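Just so it is clear, none of the values below were taken in a lab; they were calculated from the coordinates. Bear in mind that the values here come from a model prediction, so they are computed numbers and not experimental data. Heads up, the Cβs are rebuilt from the backbone with ideal geometry, glycines too, and the neighbour counts pull from every protein chain shown.
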Amino acid sequence: MSTHLLQKIVSSVAILLAIACQSGNTNDQPVQRERDIDRIPEDQIVRWVATTGMIGDALENVGGKYAKVYTMMGPGVDPHLYKPSPADLSYLENAHFFCHNGLQLEGKFSEILETSWGYRRTYAMVAGLSVNDLIDIDNYEANQDPHFWFDLNLWSKAIDSLALVISQDLDGIFDILQANSLRYRSELEKADEWAKQVIGDIPEDKRVLVTSHDAFRYFGRAYGMEVRALQGTSTVSEFGVRDVTNLVNYLVENRIPAIFPESSISPKSLKAVIEGCRKKGHEVTLGPTLYGDALGETGTPEGTLIGAFRRNVINIYEALTGNEYQETDYE
Ligand SMILES: [Zn+2]
């Protein structure tokens, strides 16, 4: 590694350490997963730091035993409000690469790192997509919606170049990583098709997904659901009485039976909406919690993107139809 690059990394880590100390960071434990790495010589391993669980999951699937991935944000952590912890920074100091969303999902710190480290050492998942894939947002700093992982077809496209990126400093492993990538992408494709069938079985007038914040636009576009939320694209933006009233009116007019809290946001905000509907004579159920910007516990099916996605689809189907999901209907 060049001295110049090292200096840049040290200075960016110093900036981030200052941010972490100011914030009195108390984030949940990060996730570090290590798989099969003992059998690989150290110089054959690429050490990655990923911001969100979805990104860490993609790196592990494509990198396999050649990628040692440290994921900053564990279950229940809201990326919009995240500040890196001292532990994150010490992993960053020793990492070869840093991978983030690319559309300011994680606020400002990922951009600080990208600028300081240089583009060769950082990878933004959005780099695999074209402008036409993205949903434009007016009142959001990055101008485009960062929540593109819940359109699995789009996510598959986003990870297409990961095999090349991960293997760039290592000889002879591109083919292995490319095979990992193809396998993972076919699993994403399968889950994508399954979701289209399950959501398609919800009566059309009930295909409305109301959540805490606007994380499901890509999901709605891909799987045919209308989406509404109390908060905007980022949870940094506050919501007011008018937002609650507008949402209540929408739910009452359209007789929507359930709304959904998200695992990384307190469900408290949605309680005012439910109460508002009740006053207007319409009962809305607080549906099961959806995985929005964070995955579930490591080691459970929901600790992977596909597992969390499947759980969301089943929960949405059951809450909006009142029917129990039957796996045998979709085999
Ligand atoms: Zn979000």
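Before moving on, here are some points about what is shown:
- Tensor-based shape of the range 196-322 (alpha-carbon gyration tensor, a/c under 1.5 rounded, otherwise prolate or oblate): oblate
- Working ranking of peptides 298-308, 94-104 by packing, defined as the average number of other Cβ atoms within 10 Å per residue, highest first, is 94-104, 298-308.
- By average C-beta atoms within 10 angstrom, highest first, the peptides 280-288, 61-69: 61-69, 280-288
- Sequence-separation-based contact order of the range 47-185, relative, with Cα cut under 8 Å and 6+ spacing, percent: 24 percent
- What the Cα convex hull of the chain gives, in volume per residue, is 134 Å³.
- Lysine pair number, Cα distance threshold 22 Å (strictly under), the chain, separation 8 or more or different chains: 13
- When both the range 157-181 and the range 235-267 are represented by their alpha-carbon centers, they are found 41 Å apart.
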